[in-house]
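This report concerns only the one structure given below.
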Amino acid sequence: MQYRDEEISFPADFPIPYPSHPILPARFTGMDGGSGLFLRWTTSERQKPSATGEYSMRIRHALAGFAFAACLVSPTKLVASPKMDATLSQRHKFDIAPQPLSSALRQLSTQSGVRILFPYDEVASIRSRRVQGWLSTEDALKRLLAGTALRHSEAGAGVIALAVPASRTVAHRSPLSVQLAQVAMAGGSGAPVAMAPADAEEASAPIIVTGTRQTTRTVAESLAPIDVLSAKDLEASGKQSVRDLLGTLVPSINVSNSGAGASFAVKTLSLRGLAGDHLLVLVNGKRRHNTATLFINGTTQNGQSPPDLDLIPSSAIERIEVLRDGASAQYGSDAIAGVVNILLKNDASGSASFLGGATADGGGEQGRFQISKGFGIGDGGHVHFTLDAFLQGRTYRSAPNPGQFYARVGQLYSSTTGALDPREATVDRRVNRGGQPQVSGINFAYDLSLPVSDQVELYLFGTASRRHSDAWLTYRFPDAPNNIPELFPNGYSPHLHIYDEDFQTTAGLRGDLSDTFHYDLSSSFSRDWAKYRESSVLNASLGPASPTDMHIGAVTSKEWTTNLDLQKTVDLGLAEPLLVALGAEYRWNSYAIGAGDPVSYIDGGYRSTTGPNAGVLRTSGSQGVTGFPLSSAGTWSRDNWSAYLNLEQQVVEGFEVALAGRHEDYSDFGTTDTGKASVRIEPLRGLALRGTASTGFRAPTLQQQHYSSASTINVGGVLLPVSALPVDSAAAVALGATPLKPEKSRNLSAGIVLTPTPRLNITVDAYQIRIKDRILLSETLQGPLVRGVLAAAGITSSAGGFYFSNAADTRTRGLDVVSTWRAGLGDLGHALFSLSANFNKTVFTHVDAVPLVLADSGLMLIGRAKRGDFTKGTPRDKFIANMFWTRGPASLNLRATRYGKVTMVHPTTPSLDAEIDPKVIFDLELGMELRKGIKLTAGANNLFNIYPDKLPVSLQANGFSLYNQYSPYGASGGFYYGRLNFEF
């Protein structure tokens, strides 16, 4: 149904379709289709129509009245509703800050799902009080209206009407306008759905809490680009982890799907082509801790230890807000690329789901059970619990091993002359087990709040997880010097197990000192512990006496953060009061490495006297991942404090500015100051311009400063035992390492927000991010010099090494485009179409001179491979087209994602650069609600079972890595699943 926006004058005695309230309609605009509804009318004096136009005007009056009634409810329900609508007695978790009553009513509508019809001019000058806690919709509304002359009544199922008492005549009122606040369509995108008037746009757009200290700002009003993903968006995506959800739904986010050695269980996110450590993660607005595991020996995200998003159960999430803009001045270190804010459920809803699925080519079986339920406690309190249990089976995606299993006849294994052993012709070469690891675990989340008084609320939330991940590493040949035939006569593959235990809990008090002064005091503590164990392994230097099951060691990170946030509004006589937000933060971090069993790292000096390795000195330490020695073990800590000031001011209607500044003081890196300025201009309805300029800062993590390990990795197609060297270690210093410095950034962004039609929204944002002194892992350094330095430091198990440095500056430029269109299809239902894209390019603007000690040996610190990781290792463009269709109990979600070209750059030889051609990946999910609260779903991720390009044979590490691990969509092929959902 479409309506024209036009003035209509009604006679004073014209019968209106809303007789219970003395309001005379005069202006009407509207839109249906499930996206929202907006109505406005004003009173006017009786105007005598002309004789020729009286009949036409009465017809228009009747049509307008009929349309108004139809848009609300049926006429029989409009007259009276003697029985209380159950929706008004339902309890919800409300959090409505003091603000203009009109916007507070819209927030109440959004948080309760109830439509509210209210006289706009009557409430325009009224400021609401704070409403917070677990309340029924009716109780929350009463608190908002307390002290005003407004009264409420029901106008039908799920519709509340506000009006002044009948004793107040029209003569005592200013011209009256009425608005209907209505929550947006379930399952919709976070993009604003603009209706004809601006106020309607506010009514349907979600309220955001990220990138602003305001509590009333919508996505449409944001000064920086923000994506909002609702719980329905997450459910319809078909993805099983928070990490994959974000990589699927946000075009500027890519997921790193590979890791080697002790880091294969950790997957990272890249926002706008930057590192995982450049993306700050918040939960309920509070900083999320980083993982203890350093992502190393992998692909584009080497050297990162970001938050592990797989440990947050997706069914605990109410929504996710992704700020695609630098925000270090607002949130502190790590927010160079942007911020992900995960908001947990805090209502009385309940849900459960069972999922099962597998890949098309075998393996990768998944089973997942999730249950989530909220309860009201006390007077206005709540608690919500979520449990997530999962099992992921491994996949095998390797090629047969073409290598030499046995020594040549009568020769040592290292010999390249002589006849091949006859067994080479018949040996089973299907020994490689590369692919997706096996993972099992359980995640738990909780969110609780309890009013202490009318003005103070206690809150508590957090997560706790346990996870076991295991994977097979590269195969060791029977006659190779890294095997002992007495223990493994047919060779072996080390089997690495990682056990994670993780928790974070946050507690705080928040409340109001007055209607304009809000405070929030919180403290958060977290601990992430990862233990490493290898089975089916040996320490060849111990000979036949070597054990085959070893404890490799453990790493632990802890974080304690305390925040005080204050907010006050100050009326300066401008369009809106000035928001002043200031606060302080104290953060303490610690990192520890625990040594493994001595047999996992000692050099036993074993030499065999006979056989294919007679007289050969064997490699020391456990194979695959060498145990952490006592020399690497230790505990390190640091602390920092910071203070910030944030100002937000709407100067006039359509022009808003914001300023932010932050001072930080680190115990190990000194002080730094960052700032940000933002502006938003709306010269015309449906057109807005926005821009930001900011500086950023990121201190090196304790992991980057102190991590030390040894493992076997694929370097240019050759398996090589290498060591990660702390920058202050004797070996690293001898190879030219210097103490790490913080990274500093400068961010610029400019964008446009277009709403050409009420159901179409388009945003285009360009950005530039310069990072100085970027923290990078060096190339894998090899050669006689390196082996000599390692031997002098007592490291005999490695033939190469690498360390962190600040050796380069980079510049990233790009463009984000996001568009959504809501379509009413009549009898065919409703559809939400979205098309989004990201274009991104990173270049190195400066690389430090190679340290002399390396240059003299012809080595590069930041060479071809490392530069390629950041310039070609992620897609330069990514497109996502999505259609979400609903009709009655049926739903369909179809998504096509096109990934641009990706290149794995070879360390030395351009002809061996391995490309992944652009590919389009289709995802499909079909759902049917069997009955109210029960839904059956079938879906496919990677519907057509697309794989990335295979690596050249010379880069496959004897067939272990068949596919290019730089693939942004993994290398396991299509995954097909069924899911049963319950809501209660």
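Return the residue satisfying two criteria in turn: it lies in the stretch 936-984 and is in a strand (DSSP E or B) and of a type in the set (D, E, K, R), and of such residues it is most open to solvent (accessible area, probe 1.4 Å).
Here the residue is LYS950.
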Worksheet entry | Matching residues, the stretch 437-453, being aliphatic (A, V, I, L, M) and open to solvent by less than 60 Å² (accessible area, probe 1.4 Å) | VAL439, ALA445, LEU448
Worksheet item: From the residues in the stretch 512-567 that are of a type in the set (D, E, K, R) and modelled with pLDDT under 95, which one is least open to solvent (accessible area, probe 1.4 Å)?
Response: ASP512
Worksheet item: Among GLY434, GLY491, GLY508, which is the only one that is modelled with pLDDT of 95 or more, open to solvent by less than 40 Å² (accessible area, probe 1.4 Å) and in contact with a Lys or Arg (Cβ under 7 Å, 6 or more places away or on another chain)?
Response: GLY491
Worksheet entry | Lone qualifier among PRO739, PRO700, PRO726 - being free of Cβ contacts under 8 Å to residues at least 60 places away in the same chain and closer than 19 Å to ILE862 by Cα | PRO739
Worksheet item: Which residue out of GLY332, GLY356, GLY350 is closer than 30 Å to GLY435 by Cβ, in contact (Cβ under 8 Å) with a residue 12 or more places away in the chain and in the same structural domain as ILE946 (by the TED database)?
Response: GLY356
Item to complete: Run down LEU854, LEU815, LEU835, LEU859 and say which single residue is in the same structural domain as ASP913 (by the TED database), closer than 17 Å to THR908 by Cα, outside any helix (DSSP H, G or I) and hydrophobic (A, V, I, L, M, F, W, C).
Response: LEU859
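Residues to consider are ARG423, ARG397, ARG408; find the one that is open to solvent by 80 Å² or more (accessible area, probe 1.4 Å), in contact (Cβ under 8 Å) with a residue 12 or more places away in the chain and basic (Lys, Arg).
Of the residues listed, the single one that is open to solvent by 80 Å² or more (accessible area, probe 1.4 Å), in contact (Cβ under 8 Å) with a residue 12 or more places away in the chain and basic (Lys, Arg) is ARG423.
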Worksheet item: How many of the residues in the stretch 888-935 are part of a strand (DSSP E or B), open to solvent by 50 Å² or more (accessible area, probe 1.4 Å) and acidic (Asp, Glu)?
Response: 2
Item to complete: Collect the residues in the stretch 737-789 that are open to solvent by 20 Å² or more (accessible area, probe 1.4 Å), in contact with a strand residue (DSSP E or B) (Cβ under 9 Å, 6 or more places away or on another chain) and in a helix (DSSP H, G or I), keeping them in residue-number order.
Response: ARG787, VAL789
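Listed here are the residues, each with its yes/no results for (1) touching a residue at least 60 places away in the same chain (Cβ under 8 Å); (2) among the aliphatic types (A, V, I, L, M); (3) in contact with a His (Cβ under 7 Å, 6 or more places away or on another chain).
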site	(1), (2), (3)
VAL847	no, yes, no
VAL853	yes, yes, no
ILE880	yes, yes, no
GLU915	no, no, no
LEU926	no, yes, no
Worksheet item: Does LEU574 satisfy the condition of being in contact (Cβ under 8 Å) with a residue 24 or more places away in the chain, in contact with a strand residue (DSSP E or B) (Cβ under 8 Å, 6 or more places away or on another chain) and either surrounded by 19 or more Cβ atoms within 10 Å (Cβ to Cβ) or in a strand (DSSP E or B) (or both)?
Response: no
Discussion item. Looking for something touching a strand residue (DSSP E or B) at 6+ places or on another chain (Cβ under 6 Å), over 26 Å from GLY273 (Cα atoms) and either of a type in the set (A, V, I, L, M, F, W, C) or assigned by the TED database to the domain that holds GLY829 (or both) - is there at least one such residue anywhere in the stretch 953-969?
Written reply: yes
Worksheet item: Residues in the stretch 239-247: is at least one within 30 Å of ALA97 (Cβ to Cβ), part of a strand (DSSP E or B), modelled with pLDDT of 75 or more and among the hydrophobic types (A, V, I, L, M, F, W, C)?
Response: no
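If you take the residues in the stretch 461-479 that are of a type outside the set (Val, Ile, Thr) and not in a strand (DSSP E or B), which one is least open to solvent (accessible area, probe 1.4 Å)?
Per the stated criteria, the residue is PRO478.
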Discussion item. Can you find a residue that is open to solvent by 10 Å² or more (accessible area, probe 1.4 Å) and in contact with a helix residue (DSSP H, G or I) (Cβ under 6 Å, 6 or more places away or on another chain) anywhere in the stretch 371-391?
Written reply: no
Worksheet item: Only one of (1) touching a Pro at 6+ places or on another chain (Cβ under 7 Å); (2) modelled with pLDDT of 85 or more; (3) not in a strand (DSSP E or B) is not met by VAL228, so which one is it?
Response: (3)
Discussion item. Could you tell me how many of the residues in the stretch 793-811 are buried (at least 22 other Cβ atoms within 10 Å of the Cβ) and among the polar types (S, T, N, Q)?
Written reply: 4
Worksheet item: Only one of (1) of a type in the set (A, V, I, L, M, F, W, C); (2) at pLDDT 95 or above; (3) open to solvent by less than 60 Å² (accessible area, probe 1.4 Å) is not met by LEU458, so which one is it?
Response: (3)
Worksheet item: Do the conditions hold for SER414, that is, is it outside the structural domain of GLY973 (by the TED database) and surrounded by fewer than 19 Cβ atoms within 10 Å (Cβ to Cβ)?
Response: yes
Practice prompt. Identify, by number, the condition in (1) under 21 Å from SER230 (Cβ atoms); (2) under 21 Å from the mean Cα position of the chain (by Cα) that ALA335 doesn't meet.
Written response: (1)
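The values are calculated or read from the model by the stated rules, or taken from the named source; none is laboratory data. Everything numeric here is computed off the predicted structure, so don't read it as measured data. Neighbour counts are summed over all protein chains in view; Cβ atoms, including those assigned to glycine, are modelled from backbone coordinates with ideal geometry. Surface accessibility is based on the protein's heavy atoms, side chains included, excluding ligands, DNA and RNA. Shrake-Rupley method; radii C 1.70, N 1.55, O 1.52, S 1.80 Å.
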